[in-house]
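Let me begin by presenting the structure, written as structure tokens, before commenting on it.
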């Protein structure tokens, strides 16, 4: 089993530090492919490392602008950083690239638009943004209490 698959399974098990190690090993074995860069950005987001996550996810979408999961996860970072307008644009792009098929991306776009429309929207109670991983499963990012 390759380290990228191991990392995805560890993410699903919420073993983020171990997933980070697996993704780093995958990068050493395969190079920094857009999928590995997206995975590294996503695990950094799950670990709350927003600066690293944003940098990696912006790099991923620059290298492969047709990947909806990377755009979605970048949108989650932007929402976490209260950059709602840019996040909504990023979610729109992810939604379009995905042809509206991902429930997680649709929900993230809906929540970002609602937050933009209503500045009083309660982030703590209502919003739960979802990280998306290519073809395997969804990850949920919940605000900390």
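Derivation of every value follows stated rules applied to the coordinates shown; laboratory data play no part. All values derive from a computational prediction rather than experimental measurement.
What the pair-distance distribution of the range 27-97 shows, using all Cα-Cα distances binned every 10 Å from zero, is 25, 54, 18, 2 percent. Decide, for the range 9-51, between rounded, prolate and oblate: order the square roots of the alpha carbon gyration tensor eigenvalues as a ≥ b ≥ c, take rounded if a/c falls under 1.5, and otherwise choose prolate if a/b is larger than b/c, else oblate. Oblate shape, in that a/c is at least 1.5 and b/c is the bigger or equal ratio.
Treating each Cα of the range 58-97 as an identical point scatterer and summing with the Debye formula, the log10 of I(q)/I(0) at q = 0.18, 0.19, 0.31 Å⁻¹ comes to -0.39, -0.43, -1.01.
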